[in-house]
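To keep things clear, I will list the structure first and then write my remarks on it.
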2 protein chains.
Amino acid sequence: MKALVVGGDGFLGSYFVEQALNLGHDVTVFDRFPYDRANNLEHVRNKVRFFPGEFANRVEVVNALEEQDIVYHFISATNPATSWENPSIEIEENLKYSIQLFELAVQNGVKKLVFVSSGGTVYGPQNGIITEEVLPKPFSPYGICKLSIEHFLNYFHERHHIAADIYRVGNAYGPRQPMQAPQGVIAVWMGKVLRGEALTVYGDSDTYRDYIYAEDIAYLMTHSLSDLKKSDVYNLGTGRGVSILELLNIFLSVINEPIQYQIFPRRGLDNSSVILDSSKLTTFFPEFTFQQLEDKIPETWAYVRQHHIGNDGKDTGI
Amino acid sequence: MKALVVGGDGFLGSYFVEQALNLGHDVTVFDRFPYDRANNLEHVRNKVRFFPGEFANRVEVVNALEEQDIVYHFISATNPATSWENPSIEIEENLKYSIQLFELAVQNGVKKLVFVSSGGTVYGPQNGIITEEVLPKPFSPYGICKLSIEHFLNYFHERHHIAADIYRVGNAYGPRQPMQAPQGVIAVWMGKVLRGEALTVYGDSDTYRDYIYAEDIAYLMTHSLSDLKKSDVYNLGTGRGVSILELLNIFLSVINEPIQYQIFPRRGLDNSSVILDSSKLTTFFPEFTFQQLEDKIPETWAYVRQHHIGNDGKDTGI
């Protein structure tokens with residue numbers, strides 16, 4: 001199957017590209033590739049087609065869409081914090097160009113669209129474990145526009161009969177996550193340790209998150225490759241709620257160095273609790289079990305440290 | 001209380017302005033007022049402040065917002081049919097300027113926002129009578145952006161602590177409804193009768209709608225004036241489902257003239273069934289009963305005929 005992965009050189013996208021290659025698919029990656037270099041996919045350069053371009057650029061997107069069967073949309077130009085002060089950013093940077101991508105995909109005969117939505121923000125305040133049937137109450141511009149993009153996929157499905165899968169992903173973490181971003185607390189903390197800064201901890205023992213390893217996300221998202229006609233929306237989290245203080249304890253025990261940290265109240269833009277029931281999706285993978293924080297934070301830390309020291313002396317921007 | 005009614009000279013807005021005046025509120029109307037003339041509010045010109053302006057124009061909107069306690073947002077630059085072919089219209093014409101209005105309202109100290117949403121499109125395909133707790137599945141760009149605007153009100157509420165009420169209105173009808181629009185089947189049919197054209201009927205005996213008289217909508221929307229601190233979302237329909245063929249029968253018996261009509265299949269952009277449970281709202285009005293189609297289509301037809309003949313000979317555009 002010919003799959004285009006838009007944003008495929010990013011954190012989550014790159015893990016998905018690897019999974020799709022493992023399954024023998026014909027993968028094209030649309031991403032920026034500055035200086036003709038991949039951030040995360042240099043090691044598979046010979047197995048995929050790199051398509052450098054800007055998500056906003058219609059012509060570049062159209063070129064990449066040619067003859068594709070399925071398009072995975074991993075691009076997010078923002079994060080929950082950036083648009084909290086200026087909500088229009090979500091509309092201008094994410095919503096409009098996502099619709100443009102879907103329109104161009106329809107025009108180019110693509111059979112299926114796959115969108116990476118946000119389990120952490122589309123539901124808004126909820127109690128307990130969240131299924132896909134819960135009434136979403138998003139309140140951050142980030143989550144509002146993610147949900148709006150999901151609904152536009154309903155439109156393209158009804159109007160143009162293109163299939164669409166949606167994955168509402170929990171709190172992703174893993175080796176390739178950017179440490180400079182305001183999103184992804186585990187990576188952000190690792191960055192701070194490397195720079196000798198104090199950790200910032202927002203929230204308390206009532207602030208639950210569902211941390212999911214990037215490789216697990218990528219593996220489960222291969223489900224969409226199995227049937228080009230089926231459309232559905234899936235939660236993508238482990239179902240295990242971990243409080244921010246529990247996470248801190250796991251983190252501190254892994255790092256095993258003296259580390260300063262400061263605890264602040266939960267930010268207004270964050271939900272108190274996000275725990276996702278993903279059984280609708282995992283039913284298709286009877287052998288699958290989620291990888292655990294206690295195993296994967298050490299692995300992530302080992303990767304990050306090695307990457308920071310840098311075999312090639314390259315400045316990693318930390 | 002000082003209330004600004006944005007789009008207050010339109011069909012639904014004008015009925016609301018009358019209700020707010022009846023209750024003794026200090027009403028300002030922001031609308032286009034071409035040639036300094038109101039479409040629907042000339043008869044109350046001495047009781048309200050007219051504020052001519054374009055919804056898209058920040059400066060004009062800001063001027064109207066000064067010292068207002070509550071803002072009712074009745075503007076819709078589109079209808080479900082216009083954006084079915086070009087979904088970006090919703091974002092450019094409705095979503096962006098609605099957010100702009102809310103931002104400016106926050107900056108100008110407004111205490112409460114009230115938004116006219118669409119019970120007919122935000123829910124998408126559903127069976128039976130719909131409460132506010134039903135999971136919305138919008139698929140028309142019109143409904144998608146209405147729901148997105150609702151969610152942005154959550155944002156402004158969380159971020160800036162401004163109160164917000166949302167009314168998801170059923171199929172409105174009544175004397176002042178434009179007959180040229182592609183929306184509002186009763187008015188559209190009346191326009192066709194006046195022009196001697198055949199009626200177009202989309203749908204069948206399974207196509208149910210919840211027709212609600214404009215005056216009832218306006219009356220129930222005064223609820224938001226009772227408490228500037230409360231926020232909620234309310235359905236606003238009668239709870240009576242009427243099939244399009246039933247509606248045709250009622251209509252034909254009222255008009256009482258030989259009328260041609262053509263029946264077509266339901267359009268792709270239309271839901272099969274919309275019947276709204278409004279008990280959450282009507283609880284606040286224990287004496288209230290909905291006016292019925294059988295009484296109000298004749299009244300609407302009488303108004304429309306008189307208006308068409310025109311006491312002042314003015315071209316009504318039909």
Fill in: Copies compared at B:R32 - label distances in nm, ascending, label defined 7 Å from Cα in the Cβ direction
4.3
Item to complete: List the relative contact order of chain B as a percent without decimals, with contacts defined as Cα pairs under 8 Å and 6+ residues apart.
Response: 18
Worksheet item: So, in Å, what gap is there between the alpha-carbon centers of the stretch A:67-99 and the stretch A:257-272?
Response: 26
Worksheet, complete the sentence: Extension length gain for A:Q100 and A:R32 (0.36 nm per residue less Cα distance), in nm, is 22.7 nm
Worksheet item: What are the nm distances, shortest first, from A:E85 to its equivalents in the other copies, labels at 7 Å along Cα→Cβ?
Response: 4.3
Item to complete: Give me the Debye-computed log₁₀ of I(q)/I(0) at q = 0.08, 0.09, 0.19, 0.20 Å⁻¹ for the stretch B:32-178, equal point scatterers on Cα only, no solvent, two decimals.
Response: -0.25, -0.31, -1.30, -1.38
Worksheet item: Using a Gaussian network model of chain B with C-alpha springs under 10 Å, which one of B:P34, B:P286, B:P136 is most mobile by mean-square fluctuation?
Response: B:P286
Worksheet item: In Å, what is the Rg of the alpha-carbon atoms in the stretch B:74-136, and how long is Dmax?
Response: 14.4, 42
Discussion item. Once each part is reduced to its C-alpha centroid, what is the distance from the stretch B:160-189 to the stretch B:125-139 in angstrom?
Written reply: 19
Discussion item. How much of the pair distance distribution for the stretch B:198-259 lies past 17 Å, counting alpha-carbon pairs only, in percent?
Written reply: 57
Worksheet, complete the sentence: One finds, for A:E197 and B:H308 with R0 = 60 angstrom and r their Cβ-Cβ distance, a FRET efficiency to the nearest 0.05 of 0.20
Worksheet, complete the sentence: Label model pair A:A56, B:E158: point-to-point distance (7 angstrom along the Cα→beta-carbon line) in nm is 2.6
Practice prompt. Divide by every residue of the protein assembly as shown the summed helix terms, -39500 (n - 2.57) for each DSSP H run of at least 4, and state the resulting mean residue ellipticity at 222 nm, rounded to the nearest 500 deg cm²/dmol.
Written response: -10000 deg cm²/dmol
Discussion item. Please give me the summed charge of the neighbours of A:F139: other residues whose Cβ is under 13 Å from its Cβ, Lys and Arg +1, Asp and Glu -1.
Written reply: 0
Worksheet item: Can you give the longest stretch of chain B with no exposed loop site, where a site means GluC sites (Glu not before Pro) in a DSSP loop (not H, G, I, E or B) with at most 14 other C-beta atoms within 10 Å?
Response: B:198-286
Discussion item. Taking B:P265 in one copy and the same position in all the others, each labelled 7 Å out along Cα→Cβ, what are the pairwise distances from the first, in nm, shortest first?
Written reply: 5.7
Worksheet item: Taking the Cβ-Cβ separation of B:F285 and B:E133 as r and a Förster radius of 25 Å, what is the calculated FRET efficiency to the nearest 0.05?
Response: 0.75
Worksheet item: Using only Cα atoms, what Kirkwood radius does the stretch A:5-73 have, in angstroms?
Response: 11.9
Worksheet item: By the scheme Lys and Arg +1, Asp and Glu -1, what is the net charge of all other residues having a beta-carbon under 14 Å from that of B:T28?
Response: -3
Worksheet, complete the sentence: The summed charge of the A:V62 Cβ neighbourhood (under 14 Å; Lys/Arg +1, Asp/Glu -1) stands at -4
Worksheet item: Radius of gyration and Dmax for the stretch B:143-249's Cα atoms, expressed in Å?
Response: 17.1, 54
Fill in: Top of B:L248, B:L113, B:L147 by mean-square fluctuation, Gaussian network on chain B, Cα under 10 Å
B:L248
Item to complete: Once you have all Cα-Cα distances for the stretch B:122-167, histogram them in 5 Å bins from zero and send the whole-percent values.
Response: 6, 20, 24, 22, 16, 9, 3, 1
Item to complete: Considering the rotation that carries chain A onto chain B, locate the chain A residue whose Cβ comes closest to its axis and report the distance in whole Å.
Response: A:S148, 2
Worksheet, complete the sentence: Quick shape summary for the protein assembly as shown, equivalent ellipsoid via Cα gyration tensor, semi-axes whole Å in descending order, reads 49, 28, 21
Practice prompt. Just rank A:K96, A:K229, fewest to most, by other beta-carbon atoms within 10 angstrom.
Written response: A:K229, A:K96
Item to complete: Kindly work out what percent of the DSSP beta bridges joining two residues of chain B are antiparallel, to the nearest 5.
Response: 5
Item to complete: Evaluate the stretch A:184-317: find the radius of gyration of its Cα atoms, find its Kirkwood radius, and give the ratio Rg to Rh.
Response: 1.02
Practice prompt. Over all directions, average the projected area of the Cα convex hull of chain B and note it in nm².
Written response: 15.7
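Every number here is computed from the coordinates shown, using simple stated rules; none is lab data. Because the structure is a prediction, the values reported are computed rather than measured. A quick note on method: Cβ atoms are made from the backbone with ideal geometry, for glycine too, and the neighbour counts reach across all protein chains shown.
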